Amino acid sequence: MKFVAKRLDVVEPSPTLAITAKANALKASGIDVVGFGAGEPDFDTPEHIKVAAKRAMDQGKTKYTPVSGIPTLKDAIIAKFKKENNLDYEKNQIIVGTGGKQVIYNFFMATINPGDEVIIPAPYWVSYADIVRLAEGTPVIVPTTLENNFQITPTQLKKAISPKTKVFLFNSPSNPTGSAYSKNDVYDLCEILVKERIITLSDDIYEKIIYDGLEFINPAMVSPEMKEKTFIINGVSKAYSMTGWRIGYGAGNAEIVKNMDTMQGQSTSNASSISQAAAEEALKGDQSEVEVMRKAFDVRRKLIVDLLNQIPGVNCRMPQGAFYAFPYIDKLYNLPKFDKIFSEANEKSRSKVFCDILLEKYNVAAVPGVAFGDDNALRLSYALGEADIRKGLERIQTMVKDLS
Ligand SMILES: Cc1ncc(COP(=O)(O)O)c(C=O)c1O
């Protein structure tokens with residue numbers, strides 16, 4: 001088509017957003033849909049954060065801010081890193097963007113040349129590979145296994161590194177698997193990374209949603225040498241239930257930050273001034289609601305995994321973080337009735353066909369694993385109430401019975 005830029009050839013529209021839109025359309029037409037699709041907490045933003053935003057408006061903080069963020073928010077981010085991660089940063093090493101997604105986008109735009117390789121362990125968050133391709137880089141996807149808790153092993157990492165490798169993407173706790181790396185696991189990977197001329201992009205967005213007393217750790221926390229080689233992205237979307245406010249931030253090498261600032265300055269400029277004030281309050285203010293939400297997720301996590309594993313042919317590991325269950329359903333693909341539907345569907349992906357039936361016939365929205373680089377699974381977000389979790393799981397059970 002005449003008005004389509006070639007660069008669009010390499011990207012797909014976000015499948016999670018597409019599923020959510022489809023589920024919302026069904027809901028709007030009066031159908032009772034159980035939505036396990038969305039990647040956002042269902043809680044409201046804590047009141048004291050909203051109050052801070054209103055105050056910012058009343059004080060006339062409604063103008064452009066410095067592109068990379070207001071200085072007081074940067075101070076709050078620096079204090080957060082010091083207090084929670086024992087990491088020291090200067091202001092010129094911090095950038096605030098319109099969501100963690102924009103920070104990741106600008107990071108790749110500012111660092112990648114055509115042909116540079118980016119190692120991405122799969123299953124991975126949908127946007128990573130597409131952003132790398134948009135930046136004309138080459139995603140090198142390394143599949144992990146359910147047996148290995150969806151974690152890349154040092155041997156796999158070593159094998160994936162080539163002279164063209166520029167970035168290793170590390171995401172713990174992970175979207176979509178909920179897997180979180182232990183201290184030992186991260187140290188083992190860093191033993192390799194520290195010897196290489198590679199930047200580790202550590203996506204810490206689910207840092208605060210972690211269970212069973214597991215301590216959060218990222219590669220920058222391993223050693224001063226690894227801190228030099230790590231760029232962190234984080235944000236307020238998930239921890240403070242602030243997805244709509246669109247504030248994320250990055251921390252690392254000052255030159256990279258400067259180049260990201262240039263990228264952002266020629267696209268969106270600063271993130272919303274009101275949202276920045278809200279994010280500052282989120283980081284500096286009362287943290288008790290973060291724990292209330294984490295505890296609620298923990299209860300739902302156990303419920304959903306238990307219910308999933310009661311369905312014959314479904315195998316779900318207990319996630320250690322985030323708010324996603326990633327059940328393996330590959331055994332269900334062998335059911336003759338499913339196989340028949342699949343062969344008639346003219347589709348390449350079994351998980352997509354499964355999710356299509358699930359949504360259209362049983363009114364349950366889930367994201368097919370293929371969207372995350374693993375066709376054997378589904379991703380179910382448990383950011384919804386317990387009654388809905390039970391209702392949705394009953395419907396999945398009915399679908400499996402009908403297929404059996
Ligand atoms: C792994 C991961 N990283 C980053 C983001 C970006 O979040 P936001 O742009 O809302 O800060 C998301 C959101 O879904 C995510 O799942």
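The values are calculated or read from the model by the stated rules, or taken from the named source; none is laboratory data. None of the values given here were measured: they were computed from a predicted structure. Positions of Cβ are generated from backbone atoms using ideal geometry, with glycine treated the same way; all protein chains shown enter the neighbour counts. These area figures cover heavy atoms from the full protein model, side chains too; ligands, DNA and RNA do not enter into them. Shrake-Rupley method; radii C 1.70, N 1.55, O 1.52, S 1.80 Å.
Test G385 against the criterion of being crowded, with 23+ Cβ neighbours inside 10 Å, out of contact with any Ser or Thr (no Cβ under 6 Å at 6 or more places or on another chain), more than 24 Å from Y124 (Cβ to Cβ) and not hydroxyl-bearing (S, T, Y), and give yes or no. The answer is no for G385. Those strands (runs of 3 or more DSSP E) of the stretch 95-177 in which 3 or more residues are in contact with a Pro (Cβ under 6 Å, 6 or more places away or on another chain) and touching a residue at least 40 places away in the same chain (Cβ under 8 Å) occupy 117-122.
When every residue of the stretch 2-16 is checked against the conditions, none turns out to be within 24 Å of V96 (Cα to Cα), over 26 Å from the mean Cα position of the chain (by Cα) and basic (K, R). Considering the stretch 210-224, the residues that are more than 16 Å from V290 (Cα to Cα) and not in a loop (DSSP other than H, G, I, E, B) include one that is most open to solvent (accessible area, probe 1.4 Å), namely P224.
So which residues in the stretch 309-338 are among the aromatic types (F, W, Y), touching a strand residue (DSSP E or B) at 6+ places or on another chain (Cβ under 8 Å) and free of Cβ contacts under 8 Å to residues at least 60 places away in the same chain? Correct list: empty.
Restricted to the stretch 6-20, and to residues that are without any contact (Cβ under 8 Å) to a residue 24 or more places away in the chain and open to solvent by 80 Å² or more (accessible area, probe 1.4 Å), which residue is farthest from P327 (Cα to Cα)?
If we filter the stretch 6-20 for residues that are without any contact (Cβ under 8 Å) to a residue 24 or more places away in the chain, which is where we start, we get 6, 8-9, 13, 17-18.
The next check asks that each one be open to solvent by 80 Å² or more (accessible area, probe 1.4 Å); those that pass are 6, 8-9, 13, 17.
Details: K6: 36, L8: 32, D9: 31, P13: 24, L17: 20 Å.
Applying the filter and picking the extreme gives K6.
Taken together, A76, A23 contain a single residue that is assigned by TED's automatic domain parsing to the domain that holds V103, touching a residue at least 40 places away in the same chain (Cβ under 8 Å) and surrounded by 12 or more Cβ atoms within 10 Å (Cβ to Cβ), which is A76. For P336, the stated conditions hold: it is open to solvent by 10 Å² or more (accessible area, probe 1.4 Å) and out of contact with any Cys (no Cβ under 7 Å at 6 or more places or on another chain). Scanning the stretch 61-73 for residues that are surrounded by 15 or more Cβ atoms within 10 Å (Cβ to Cβ) and either basic (K, R) or closer than 21 Å to S202 by Cα (or both) gives K61, S68, G69, L73. Looking at this structure, is G69 away from the ligand (no atom under 16 Å from the Cβ) and at positive phi? In short, no.
On inspection, A322 passes the criterion of being surrounded by 15 or more Cβ atoms within 10 Å (Cβ to Cβ) and either modelled with pLDDT under 95 or at positive phi (or both). Taken together, K91, K54, K101 contain a single residue that is farther than 19 Å from E291 by Cβ, charged (D, E, K, R), in the same structural domain as K258 (by TED's automatic domain parsing) and within 16 Å of the ligand (Cβ to nearest atom), which is K101. Can you name every residue in the stretch 225-252 that is open to solvent by less than 20 Å² (accessible area, probe 1.4 Å), within 16 Å of the ligand (Cβ to nearest atom) and of a type in the set (A, V, I, L, M, F, W, C)? Hits for the stretch 225-252 are F231, I232, I233, V236, A239, M242, I247, A251. Taking the criterion of being touching a residue at least 40 places away in the same chain (Cβ under 8 Å) and within 15 Å of the ligand (Cβ to nearest atom), the residues of the stretch 193-206 that qualify are L201, D203, I205, Y206.
The residue pairs whose first member lies in the stretch 259-274 and is in a loop (DSSP other than H, G, I, E, B), whose second member is among the polar types (S, T, N, Q) and open to solvent by less than 60 Å² (accessible area, probe 1.4 Å), and whose beta carbons are closer than 6 Å, counting only pairs six or more residues apart or on different chains, are T268/T98; N270/T65; A271/T98.
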